[in-house]
1. Could you work out what % of the accessible surface of the stretch 12-107 is carbon and sulfur, using a 1.4 angstrom probe and leaving DNA, RNA and ligands out of the count?
2. Ignoring everything except DSSP H segments at least 4 long, calculate the 222 nm mean residue ellipticity for the chain; use -39,500 (n - 2.57) per segment, divide by total residues, nearest 500.
3. Filter the trypsin sites (Lys or Arg not before Pro) in the stretch 1-81 to those in DSSP coil with at most 10 other Cβ atoms within 10 Å of their Cβ, and list the result.
4. Among Leu86, Leu10, Ala22, pick out the residue whose Cα is farthest towards the positive end of the charge dipole of the chain, where Lys and Arg carry +1 and Asp and Glu carry -1 on C-beta, about the Cα centre.
5. Give me the accessible area per residue for the chain, probe 1.4 Å, as a whole number in Å².
6. Once you charge only the Cβ atoms, +1 for Lys and Arg and -1 for Asp and Glu, what is the size of the charge dipole of the stretch 12-107 about its Cα centre, to the nearest 20 debye?
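The values are calculated or read from the model by the stated rules, or taken from the named source; none is laboratory data. In this text the structure is predicted, and so the values were computed from the model without any measurement. Note that we place each Cβ from the backbone using ideal geometry, even for glycine, and neighbour counts take in every protein chain shown. Remember, those area values only see protein heavy atoms, side chains included, never the ligands or the DNA or RNA. Shrake-Rupley method; radii C 1.70, N 1.55, O 1.52, S 1.80 Å.
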Amino acid sequence: MAKESITIRLQGELIARLEEEAEEEGVSRSEYIRQILRERDEREELREEVATLRERLESREERIEELEQQLTRRSQIEDKVEEVALEVREDREERNAPFFVKWYRWFRD
C-alpha cells in the first residue's frame with residue numbers, strides 16, 4: 001500500500017506531546033501518528049465494551065439491591081413466624097398444665 005503525504009496544522013503544545021509520546025514508544029512522530037490512527041477502531045470497540053460492562057454492572061447492582069430487600073423481608077417474616085410459634089407453644093403448655101396450675105392461673109386472673 002503506497003503512502004501518501006498529508007499536511008495538517010497543529011498547535012505547538014500538541015506537537016510537543018506527540019513528539020514526547022513517540023520518543024517514549026521509540027518511533028518517529030509520523031509513525032506514532034499512524035499507530036494512533038490505526039488504533040482508533042480498537043478504541044471504539046473498547047468504548048463499546050466498557051459501556052456494555054457498565055450496563056451489566058448497573059443491572060447486577062440493582063439485582064443485588066433487590067435480593068437484599070428480599071432477604072430483609074424474609075428475615076422479618078421469619079422473626080414473626082418464630083414469635084407465633086412461641087405463642088403457640090406457650091398456649092399449648094398452658095392447656096396441658098396440671099389441674100392445680102390451671103386453677104391457680106384462673107384464680108389469679
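1. On the way: 4540 of 9110 Å².
About 50 percent, which is the carbon plus sulfur part of the accessible surface.
2. Working: 3 runs with 91 residues, N = 109.
Computed ellipticity for the chain at 222 nm equals -30000 deg cm²/dmol.
3. Values: sites: Lys3, Arg9, Arg17, Arg29, Arg34, Arg38, Arg40, Arg43, Arg47, Arg54, Arg56, Arg60, Arg63, Arg73, Arg74, Lys80; in loops: Lys3, Arg9.
Here the sparse-neighbourhood loop sites are Lys3, Arg9.
4. Sorting the options by dipole projection puts first Leu86.
5. Numbers: 10960 Å² over 109 residues.
Here the residues of the chain average 101 Å² of exposed surface.
6. Values: 19 positive and 31 negative charges, 220 e Å.
So the dipole magnitude of the stretch 12-107 works out to roughly 1060 debye.
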